[in-house]
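The values are calculated or read from the model by the stated rules, or taken from the named source; none is laboratory data. Because the structure is a prediction, the values reported are computed rather than measured. Please note: Cβ atoms are built from the backbone with ideal geometry, for glycine as well, and neighbour counts cover all protein chains shown. Areas reflect the complete protein model, heavy atoms only, side chains present, ligands, DNA and RNA absent. Shrake-Rupley method; radii C 1.70, N 1.55, O 1.52, S 1.80 Å.
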Amino acid sequence: MLGLMQDWSMTLDKVLDHAAMNHARREIVSRSIEGPIVRTTYGDLRTRAKQVSHALVHCGVGIGDRVATLAWNTARHMEVWFGAMGIGAVLHTLNPRLMPEQIAWIANHAGDEVLCFDLTFLPIVEKMAPLLETVKHYVVFADRGAAPKSTLPNLVAYEDWIADRPAIVTWGQFDENTAAGLCYTSGTTGNPKGVLYSHRSNMIHAFVASGGDAFGLTSRDTVLPIVPMFHANAWALTFVCPMVGAKMVMPGAKLDGQSVYELLESEKVTLSAAVPTVWLMLNQYLRDTKSKLTTLKKVIIGGSAVPEAILRAFEEDFGVEVVHAWGMTEMSPMGTLCTMGPEEDGLDHESRIKLKLKQGRTPFTVEMKIVDDAGKDLPRDGKTFGRLLVRGPSITKVYFKGDGARNANGTALDEDGWFDTGDVATIDAKGFMNITDRAKDVIKSGGEWISSIEIENIAVGAPGVANAAVIGVYHPKWDERPLLIIQPKPGETPDKAAILAFLDGKIAKWWTPDDVAFVEAIPLGATGKINKLALRETFKDYRLPSAQAAE
Ligand code: ADP
């Protein structure tokens with residue numbers, strides 16, 4: 001017997017409709033690429049998004065067609081999202097931190113027809129254009145009549161593109177399983193792969209993300225999504241904020257400590273979300289200028305592990321709650337959040353800090369387990385490491401065009417429908433998960449595993465250290481041993497012995513790096529994470545003193 005309730009297709013246009021009808025005057029404040037702060041509202045954003053829909057239809061875009069953006073977080077960028085998704089087109093976020101050739105490869109693979117981009121990316125787009133096989137329309141986010149001189153065919157300024165278009169269009173009216181967004185993984189192994197979100201998967205994920213033990217947002221909040229919209233939907237904030245009517249503050253291209261601080265204070269931000277690198281920069285700025293955070297209550301930190309120094313700085317010195325989160329593009333992206341339950345109330349401060357360094361528990365809809373190399377389930381004892389597998393309605397089943405299939409039926413899953421995250425983790429009896437490494441980054445020393453991440457997190461707190469990375473390098477006796485690579489703080493020259501002494505007692509003795517190397521800058525990848533591939537390349541001929549001694 002079927003239930004007798006209404007068919008209400010869960011399409012994302014309804015999120016913006018809801019915001020415009022209930023929170024029409026709530027603001028979306030953007031730092032424009034040109035510099036000045038610009039303000040709009042959910043009411044106006046919906047009107048303009050509808051004009052975008054008309055402009056897209058005029059370009060021949062229909063259901064299932066791909067519309068690409070190469071842009072920072074601004075209200076205009078959001079207008080294109082909702083304008084495209086509302087008519088069933090697929091919004092494809094391109095990552096400007098990749099090389100132009102890589103971006104062109106991705107745009108061709110996706111079959112993008114329209115490309116909307118920020119003025120600052122004009123040189124990249126001009127460089128890419130001869131390689132682009134499917135893009136027919138170029139739109140630059142610029143005022144009326146302000147399209148720059150360019151070699152691009154038919155380049156139009158965004159405001160000219162949408163001007164005088166009607167603000168009436170029927171959105172939705174299609175199946176909730178229709179594709180809504182496309183985002184490529186960074187492709188650290190092989191070619192990037194496309195993750196194709198549906199309206200339903202994003203909607204479920206946004207409900208989950210809005211929950212009290214996740215972002216816990218209401219219409220009283222002001223949110224600064226620093227995590228870019230091209231990095232897995234700005235961790236769902238582009239949907240959650242309109243869903244609950246929260247004010248949004250969009251940082252544009254400026255993510256340095258001073259610019260972020262200015263927005264936090266001037267717009268009275270209560271919640272923000274970003275990768276650790278951004279918080280490292282803000283922390284430095286706050287210390288250098290002795291500035292205080294007066295409105296910020298909570299920060300969501302994910303994308304890579306939260307360094308202990310950052311966790312302590314925010315919780316102990318700035319009075320801001322840190323929620324450590326883990327996820328991946330394939331998971332829409334949220335997989336776990338480390339929020340405390342009533343059972344954690346009795347914990348002393350140090351135990352709480354220790355627990356908060358874990359990646360946390362799954363919200364409802366995400367299932368998770370760890371297995372050994374043979375696929376056998378491992379215990380939830382907080383000690384045993386294993387490959388981390390996940391399942392749920394907002395997790396990838398098949399990559400775009402069937403790439404990356406892991407079994408005979410063409411999906412990226414195992415026979416029981418589990419997706420292998422490529423992470424290695426422990427899970428404790430209460431469900432708190434702790435990433436110990438990427439499967440490809442764990443250091444295999446004498447048959448045992450050493451977590452590079454754990455050592456990095458501690459080393460980054462050593463005096464004079466700006467950033468730290470650990471990679472495994474060849475050792476004749478142990479296969480691999482850890483090499484600690486340090487980027488010193490500007491003007492400081494930290495000492496090898498002092499850094500190793502700092503680690504002493506904080507990690508198992510046999511995890512102690514065999515050597516410490518110093519570099520000017522640790523290379524970061526396109527999503528702000530340490531680029532281990534590049535480091536392994538740089539240090540491929542590195543010989544540990546301990547290895548020479550063992551030969
Ligand atoms: P990429 O395209 O680089 O894979 P993602 O954002 O999808 O970009 O990266 C997902 C990966 O990032 C995860 O599988 C995990 O290895 C890492 N990651 C994300 N959040 C955390 C975290 N809180 N702690 C440790 N690693 C994390």
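Points worth noting:
- Sorting 165-178, 329-342 by average packing, meaning the other beta carbons within 10 Å per residue, from highest down gives 329-342, 165-178.
- Shape of segment 264-305, Cα gyration tensor, a/c cut at 1.5: oblate
- Taking the longest Cα principal axis of the chain as reference, the axis of helix 199-210 is set at about 60 degrees.
- Note on segment 407-551: Cα-Cα pairs beyond 25 Å make up 34% of the total pair count.
- The angle separating the long axis of helix 276-289 from the principal Cα axis of greatest extent in the chain is about 80 degrees.
- Computed over neighbours whose Cβ is under 12 Å from that of ALA24, the net charge equals 0, Lys and Arg +1, Asp and Glu -1.
- Cα-based helix-to-principal-axis angle, 75-86 vs the chain, degrees rounded to 10: 70 degrees
- FRET efficiency, 1/(1 + (r/R0)^6) with R0 41 Å, evaluated for THR295 and SER351 via beta carbons: 0.90
- Among beta bridges that DSSP assigns inside the chain, antiparallel share in %, nearest 5: 55 percent
- Across LYS136/LYS401; LYS193/LYS440; LYS397/LYS529; LYS358/LYS401; LYS50/LYS136, pairs whose alpha-carbon gap is larger than 23 Å: LYS397/LYS529; LYS358/LYS401
- Where a label projected 7 Å from the Cα of GLU34 along Cα→Cβ would reach, residues of segment 144-170 with amide N under 11 Å: 144-147, 159
- Probe 1.4 Å, accessible area per residue of segment 13-366, Å²: 37 Å²
- Of the peptides 45-55, 475-485, the ranking by mean beta-carbon count within 10 Å, highest at the top, reads 45-55, 475-485.
- Stokes-Einstein D (µm²/s) once Rh is taken as the Kirkwood radius of segment 44-133 over alpha-carbon pairs, at 25 °C in 0.890 mPa s: 186 µm²/s
- Accessible area in square angstrom per residue, segment 441-550, 1.4 angstrom probe: 48 Å²
- Label positions at ILE63 and GLU265, each projected 7 Å from the Cα along the C-beta direction, are separated by 5.2 nm.
- Mean-position separation - Cα centroids, segment 136-207 and segment 32-79, in angstrom: 8 Å
- Sum of side-chain charges, PRO490 neighbourhood, beta-carbon under 14 Å (Lys, Arg +1; Asp, Glu -1): -1
- Accessible surface of the chain, 1.4 Å probe, proportion on carbon and sulfur as whole %: 52 percent
- In terms of Cα atoms, the Rg and Dmax of segment 13-366 work out to 19.9, 64 Å.
- Net charge of the neighbourhood of VAL140, taken over other residues with C-beta under 13 Å away and scored Lys/Arg +1, Asp/Glu -1, is -3.
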